[in-house]
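Note sheet for the following structure.
The values are calculated or read from the model by the stated rules, or taken from the named source; none is laboratory data. What you see is a predicted model; the values in this text were computed from it and never measured. Cβ coordinates were reconstructed from backbone atoms using ideal geometry, including for glycine residues, and neighbour counts include every protein chain displayed. Note: areas computed on protein heavy atoms with side chains; ligands, DNA, RNA excluded. Shrake-Rupley method; radii C 1.70, N 1.55, O 1.52, S 1.80 Å.
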Amino acid sequence: MPTDTPADKVHDHYAQRDLDSTILNALAAAGKDPERLTFEDLAPIDQFHIRGRNATIDLARDLGPDKNMQILDVGCGLGGAARYLANTFGCCVTGLDLSGDYCRVAADLTRRLALDHLVSFQQGNAISMPFPDSSFDIVWTQHTAMNIPDKSRLYGEIRRVLKPGGRLALYDILAGPGGEIHFPVPWAREPATSFLLAPQQLLDLLTESGFEVQVWRDVTESGCSWFSHLKEKIRSEGLPSFGLQLLLGPDFRSMAHNQVLNLEEGRIALIEAVVKRPVIC
Ligand SMILES: C[S@@+](CC[C@H](N)C(=O)[O-])C[C@H]1O[C@@H](n2cnc3c(N)ncnc32)[C@H](O)[C@@H]1O
């Protein structure tokens, strides 16, 4: 009997039946009009990473893309960062995600926000991307690499699709010094779908893959403070009805709890970085 590949297992982890109607119904229940959505309405689910929309804003500030640039968002999820980049800087963004359902919902939300002339989505695997060499000025990725075991292939593919002189902007969860992580976490219910590198391993790999490091920032502390504010808010106001539990299902509470423990106990670290594919290589 054929066994599931790591990508199949990751796909199953994020699979959610009737995702589009679940999201639209939850928006309506939260008093939002699905025909008049705003970026803020979607931020609780389309910024699927620690520190939410602020993390996207910080990383985008490091890049300062201009409107002529082509950007690829690897592991784009529901496309929140792709829409932010297109709306803020006017550039064209392609989102790539393993989940065809996420891509479909991302395209629908993008149409509702009237950004479909700038942002499109394609289903595919980051370790064999369906794009020609040197297609993009910027590759962007947030909280995706931890689901991908073959990191050399991942960064090799990213380097291949980047134009010479192009940049990779990443925001990832890495292994901290505190030991094995507590499961389940938002990206994995079990160790079989979690592949974390330590910061130094990532730095070495990026350098070996031919990138020049321009920005390297440890934002673990900011992640801890973000979670303590969130915990306080949930304690006083309760769990908001429109949030990541819509994507992660009933395990969400234990995932969020473990995410906080993993951060507090130094089992995970958060790194933001910008690295460049040299012009001559
Ligand atoms: C935690 S979510 C982050 C989504 C988005 N980057 C964000 O920050 O809102 C991880 C995403 O990576 C995608 N993903 C995981 N492995 C992938 C792979 N090998 N190729 C493409 N996408 C992948 C998942 O389907 C999921 O949408």
Review point. Can you find even one residue in the range 225-239 that is touching a strand residue (DSSP E or B) at 6+ places or on another chain (Cβ under 9 Å), touching a residue at least 12 places away in the same chain (Cβ under 8 Å) and charged (D, E, K, R)?
Key: no
Check your understanding: Which one is nearest to the ligand (Cβ to nearest atom) among residues in the range 78-102 that are open to solvent by 10 Å² or more (accessible area, probe 1.4 Å), without any contact (Cβ under 8 Å) to a residue 40 or more places away in the chain and not polar (S, T, N, Q)?
Key -> Asp97
Revision key, fill the gap. How many residues of the range 61-75 are open to solvent by less than 10 Å² (accessible area, probe 1.4 Å) and either small (Gly, Ala, Ser) or within 12 Å of the ligand (Cβ to nearest atom) (or both)? The answer is 3
Point to revise | Filter result for Asp116 (open to solvent by 30 Å² or more (accessible area, probe 1.4 Å) and either touching a helix residue (DSSP H, G or I) at 6+ places or on another chain (Cβ under 8 Å) or charged (D, E, K, R) (or both)) | key: yes
Review point. With respect to Gln214, is the statement that it is more than 19 Å from the chain's Cα centre (by Cα), away from the ligand (no atom under 16 Å from the Cβ) and without any contact (Cβ under 8 Å) to a residue 40 or more places away in the chain true?
Key: no
Check your understanding: Which one of these is more than 27 Å from Asp251 (Cβ to Cβ) and open to solvent by less than 60 Å² (accessible area, probe 1.4 Å): Ile173, Ile181, Ile148, Ile138?
Key -> Ile138
Exercise for review: Considering (1) over 28 Å from Arg17 (Cα atoms); (2) touching a residue at least 12 places away in the same chain (Cβ under 8 Å), say which one Leu246 fails and leave the rest.
Suggested key: (1)
Review point. Only one residue in Arg153, Arg167 is under 13 Å from Val275 (Cα atoms) and open to solvent by 10 Å² or more (accessible area, probe 1.4 Å), so which one is that?
Key: Arg167
Point to revise | Residues that are open to solvent by 30 Å² or more (accessible area, probe 1.4 Å) and in contact (Cβ under 8 Å) with a residue 24 or more places away in the chain, drawn from the range 103-113 | key: Arg104, Ala107, Asp108, Arg112
Check your understanding: Can you name every residue in the range 1-23 that is open to solvent by 40 Å² or more (accessible area, probe 1.4 Å) and assigned to a helix (DSSP H, G or I)?
Key -> Pro6, Asp8, Lys9, His11, Asp12, Asp20, Ser21, Thr22
